[in-house]
Amino acid sequence: MAVYTTLQPNQFIELCAVLELKPTGAPGPVPEGIENSTFFFTASRDGKIGEYVLTLVESADQRQIDYAIALTQQLARAGLPVPAPLTDRAGTAAHTVSDKPALVFNKAPGQHCQPALPGHCAAIGEFLARAHRAGKGLASSMANTRGLPWARNMEATIKSHLSHQDRELLSLALSDWQALVKRAPPLPSGAIHGDLFVDNALFVGPKLSAVIDYYNACTDWWLLDVAITVNDWCVDDDGNVDQGNFTALTRAYQQIRAFTPEEHLHWQSVLCVASTRFWLSRLAARQDDTAAIPLLKLKSPNPYRQRLVKHRQAVPALPA
């Protein structure tokens, strides 16, 4: 969450009218976050006062947004704590404000957990497994725009800015990624969140209240979603695994959906893919002169480099 696009008062009023919302005051910009422009506001709908979140999507294309909307609606219908965007009477969720897709959500209660403890990780592991199962019925699919072809393009773009050591590490990581894709292992796949970091989950006490920001959702290996989540919830910035968090998350997942023999076999490779993907995206963001994100808001690539280095050496086993 952040603000890159200015929201004009008349645009806000018009959007609220379409969604049959009566705001009680001006929207407040939310400074935290990186990718999108976000505002909190209070309004009445059907005679009830509530708190809402307005998001102006800065970078995702329309297909990604449509997929995110469909997936959040599917998960919400399944009873999972996923806010789905409000729709107008025609059933339309995405509207346009300042030439940007605009989505409005009920504001979920809760806070980010800092630090993440085993209880939080167990809740996230259970959620992730249930979300993977619930997403199986989704009619649409969405290719992962941060897959191997993207990674190869990014390598070509940034390698001249890397040290010799980092160029070698990235080359090895991408060769391993390519070998994994070429083997085409029969890993279970479906809708994934793709970015389930600690700052995309809210808790009220120990209870998970919401999982948000599905703008990186796509169709890919479920194991990749687990790896992305483990990397943020269970691994520190030096690449060291918190065994308590890891055990809590993966066992809670396993109790809902058992890991397959193929997932056990390829776990280390997929965890390295997840590390490479975020190391590379953070490296690329620092070289993108056209990006709207201020340099001070960019996350350091080094923690994901460290994760990659450590995971190439050894990883904790998934629960049997």
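For the reader, a short list of remarks on this structure follows.
- The requirement of being surrounded by 23 or more Cβ atoms within 10 Å (Cβ to Cβ), modelled with pLDDT of 95 or more and touching a Pro at 6+ places or on another chain (Cβ under 7 Å) is not satisfied by W233.
- Among the residues of the stretch 197-227, the ones that are of a type in the set (A, V, I, L, M, F, W, C) and under 26 Å from W177 (Cβ atoms) come to 10 in all.
- Any hit, the stretch 31-39, residues being crowded, with 17+ Cβ neighbours inside 10 Å and farther than 27 Å from Q111 by Cβ: no
- Tally, over the stretch 188-220, of residues that are surrounded by fewer than 18 Cβ atoms within 10 Å (Cβ to Cβ) and part of a loop (DSSP other than H, G, I, E, B): 4
- Test for T250: is it surrounded by 20 or more Cβ atoms within 10 Å (Cβ to Cβ), β-branched (V, I, T) and within 17 Å of the chain's Cα centre (by Cα): no
- If the condition is being farther than 21 Å from A258 by Cβ and assigned to a helix (DSSP H, G or I), then the stretch 115-139 contributes G119, H120.
- Sole exception among (1) modelled with pLDDT under 95; (2) assigned to a strand (DSSP E or B) for S44, by number: (1)
- Test: Q11 is surrounded by 15 or more Cβ atoms within 10 Å (Cβ to Cβ) and free of Cβ contacts under 8 Å to residues at least 24 places away in the same chain: no
- Qualifying residue in the stretch 65-87 (condition: under 24 Å from the mean Cα position of the chain (by Cα), surrounded by fewer than 19 Cβ atoms within 10 Å (Cβ to Cβ) and on the phi > 0 side of the Ramachandran plot): yes
- Meets criteria (out of contact with any strand residue (DSSP E or B) (no Cβ under 9 Å at 6 or more places or on another chain) and not assigned by TED's automatic domain parsing to the domain that holds P23) for H112: no
- Of everything in the stretch 140-160 that is outside any helix (DSSP H, G or I) and in contact with a Lys or Arg (Cβ under 7 Å, 6 or more places away or on another chain), the residue that is surrounded by the fewest Cβ atoms within 10 Å (Cβ to Cβ) is R146.
The values are calculated or read from the model by the stated rules, or taken from the named source; none is laboratory data. All values derive from a computational prediction rather than experimental measurement. When we count neighbours, we look across all protein chains shown, and the Cβ atoms used for this are built from the backbone with ideal geometry, even at glycine.
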